[in-house]
Structures are given as structure tokens and as C-alpha cells.
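The values are calculated or read from the model by the stated rules, or taken from the named source; none is laboratory data. In this text the structure is predicted, and so the values were computed from the model without any measurement. Cβ: placed from backbone, ideal geometry, glycine included. Neighbour counts: every protein chain shown. Surface accessibility is based on the protein's heavy atoms, side chains included, excluding ligands, DNA and RNA. Shrake-Rupley method; radii C 1.70, N 1.55, O 1.52, S 1.80 Å.
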Amino acid sequence: MPAKVRKAVFPAAGLGTRFLPATKAQPKEMLPLVDKPIIQYGVEEAMHSGIQNIIIVTGRGKSAIEDHFDVSFELEYMLESRGKKELLSIVRGVSDMIDVSYIRQKEALGLGHAVLRASELVGPEPFAVVLADDVIEAEVPCLRQLIDIYEFFCAPVLAVMEVPHDMISHYGVVDADPISHNGSKDRVYRIRDLVEKPKASEAPSNLAIIGRYILTPEIFNSIGSIQPGAGSEIQLTDALKHLLRSRPIYAYRFEGTRYDAGDKLGFLKATVEFALRRHDLGAQFREYLKGLQL
Ligand code: UTP
């Protein structure tokens with residue numbers, strides 16, 4: 001039996017430059033999709049996937065994330081004394097959600113470096129990595145889908161999705177062979193190679209790595225062994241390429257819809273779609289959109 005995936009690491013120490021000036025004094029992870037911060041969607045996905053511990057890698061200016069998952073006595077007292085029971089339960093729900101620990105990445109030296117900062121809190125066990133900017137809507141939570149594949153193959157698994165040719169250079173891309181699993185051959189792949197942000201003409205496939213990973217603790221050695229890569233950052237993709245020399249890694253084309261909430265257009269699309277799906281807002285918002293002279 002493979003060891004259980006109990007912990008999820010959320011690297012959240014990036015600078016969020018694509019959202020400046022909004023991210024000058026507040027973390028990108030706290031930007032709301034309708035009324036819930038981006039990072040909370042990821043934390044809820046992890047919880048619904050059976051994860052018990054969340055480890056958030058933070059940096060300067062990220063204290064709002066810690067406050068968000070902490071108890072707010074003044075706010076709770078005020079809501080209680082004014083009889084606002086529904087809001088009180090929403091606010092309590094956030095702090096009661098799950099066990100969260102924090103570790104700092106003093107300098108934004110790359111995603112791989114951020115993951116390495118979590119090594120002591122993770123310890124010698126498999127773990128998930130969640131990039132909160134990727135918000136995923138799925139019937140079975142994306143992380144749960146990956147954990148099921150991890151438990152079958154006892155090896156690291158990366159979430160991938162097909163992206164159009166002209167977008168592929170924005171992603172880490174896998175060169176991979178499809179393998180049969182559960183009667184189909186179009187979801188699980190065994191990875192042969194990985195390339196970070198290839199030119200479209202040189203991309204080995206249209207399968208892009210998105211922000212969900214199940215990793216095993218050997219990745220920490222690999223991260224420690226590599227040199228800075230693209231953008232002079234310690235890249236997680238480079239560490240995975242290093243790990244691939246000594247053990248198999250799988251890719252899983254997950255079922256669901258992914259929104260790139262770290263990008264302005266992706267953020268707007270997610271906001272509109274999430275608002276349309278809300279019971280309390282959807283109908284009115286739909287009417288409003290219909291009335292726009294587009
Ligand atoms: P991104 O490149 O998407 O995020 O990194 P960013 O750097 O914050 O944003 P831009 O590109 O400047 O707008 C992917 C994830 O890795 C984390 C980020 O917080 C994000 O969740 N990250 C990145 C770190 O934690 N540390 C780093 O050094 C780099």
C-alpha cells in the first residue's frame with residue numbers, strides 16, 4: 001500500500017507582478033472570485049480530497065493569508081452580538097476549516113525553491129502541491145483524481161491539460177506516452193521528458209502541466225541538486241526532469257475546468273462564470289449581462 005497523501009503545500013510567495021498594482025500591498029492569493037479569496041478554493045479542494053494538513057509557503061506582504069485562516073475574535077463578537085448568524089458561520093467556517101502551517105520563502109527564487117522550503121514540514125511522505133492561481137471546477141476534486149492515480153502507480157503524478165498551440169509556450173510541457181488505465185488510454189501518460197516554456201514549434205506535445213502535483217519526498221533532493229533555470233529561478237519542472245532519471249513520473253489529464261486566475265483575463269472569466277453559478281446572484285447578474293450592448 002502506498003503511503004497516504006495527507007499534506008498539501010501551497011506555494012504563495014510569488015510577487016504577483018501580473019496583477020500590479022493590486023498586488024503591491026496584498027497577496028494575489030487573496031484576490032476574491034466573487035466573495036471568496038482564490039486560495040480558499042484550493043484549500044477547499046484539498047480538504048474535499050482527503051488532505052489533513054495545509055502548508056502555505058508565504059513571503060513578505062502575505063500576512064493577510066495567515067489572518068484569513070486565523071480566528072478573528074472582534075469580527076466574530078460583532079457578528080454574534082448583531083445576530084448575523086449566517087455570516088458568523090461563514091467566518092467561523094474559514095478558521096475551523098483545516099490545520100494550516102506556514103513557512104517563509106525569504107526571496108522569490110522560484111517555484112522549486114518554494115517547495116523545498118516546505119521540506120521539513122512535509123517530512124518523509126508523499127504530498128500534494130497546489131498552485132492556488134489555478135482554480136479548478138470538477139465533479140471529483142482534481143487533487144482527489146491525482147491521488148487516485150498516485151495510489152495506483154505509487155509514483156509522482158502531475159495534472160496536465162491540452163492547450164492550444166499558440167499558448168503552449170506559457171507552460172511546462174510533457175513528452176509522454178499514453179498508457180491504459182481503467183479501460184481508457186487517453187488520460188494517464190508515462191512521462192518521457194519535460195520542457196519548461198518551449199517555443200510552440202519545439203513543444204513535444206500539447207499537454208501542459210498545470211498547478212496540481214502529487215510528489216514523493218525524493219523531489220527535495222532533486223530540487224537541491226539543480227541550478228537555476230528559466231528566469232534564473234529554481235524551477236520545479238527542472239527538478240522533476242532530474243527525478244525522472246531515477247524513477248517514473250506520470251501525467252494525468254484531469255476531468256474538469258481550470259481557470260487561470262493568476263492572469264487578468266482568466267481571472268475575469270472565472271469571476272463571471274462563478275457569479276453566474278451563484279444561487280444568490282446568478283439570475284440578476286445574467287439579466288445585467290444580457291442588457292449590455294456587446
Ligand atoms: P507564478 O509565476 O504564477 O506567480 O508562480 P507569481 O510569480 O506570483 O506571479 P507573476 O507571474 O509575477 O504575476 C506560480 C506559483 O508559485 C508561487 C507563486 O506564489 C504562485 O503560486 N511562487 C513562485 C513562489 O511561492 N515562490 C517563487 O519564488 C515563485
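Here are some notes:
- Among the residues listed as M30, M47, the single one being under 15 Å from the mean Cα position of the chain (by Cα), within 13 Å of the ligand (Cβ to nearest atom) and open to solvent by 30 Å² or more (accessible area, probe 1.4 Å): M30
- Pick from the range 181-203, criterion part of a loop (DSSP other than H, G, I, E, B) and more than 20 Å from the chain's Cα centre (by Cα), ranking: nearest to P126 (Cα to Cα): N182
- In a residue-by-residue description of the range 258-270, the property of being more than 16 Å from the ligand (Cβ to nearest atom), open to solvent by 30 Å² or more (accessible area, probe 1.4 Å) and not in a helix (DSSP H, G or I) applies to no position.
- V163 being open to solvent by less than 20 Å² (accessible area, probe 1.4 Å) and under 20 Å from Q40 (Cβ atoms): no
Listed here are the residues, each with its yes/no results for (1) within 15 Å of the ligand (Cβ to nearest atom); (2) in contact with a Phe, Trp or Tyr (Cβ under 8 Å, 6 or more places away or on another chain); (3) assigned to a helix (DSSP H, G or I).
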{"site": "S205", "(1), (2), (3)": "no, no, no"}
{"site": "Y213", "(1), (2), (3)": "yes, no, no"}
{"site": "R247", "(1), (2), (3)": "no, no, no"}
{"site": "A251", "(1), (2), (3)": "no, yes, no"}
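- Restricting the range 100-157 to residues that are in a strand (DSSP E or B) and open to solvent by 60 Å² or more (accessible area, probe 1.4 Å), the residue that is nearest to the ligand (Cβ to nearest atom) is R104.
- Residue pairs whose Cβ atoms lie under 8 Å apart, sitting 6 or more positions apart in sequence or on different chains, and linking a residue in the range 140-156 that is free of Cβ contacts under 8 Å to residues at least 40 places away in the same chain to a partner that is surrounded by fewer than 22 Cβ atoms within 10 Å (Cβ to Cβ), are F152/H181.
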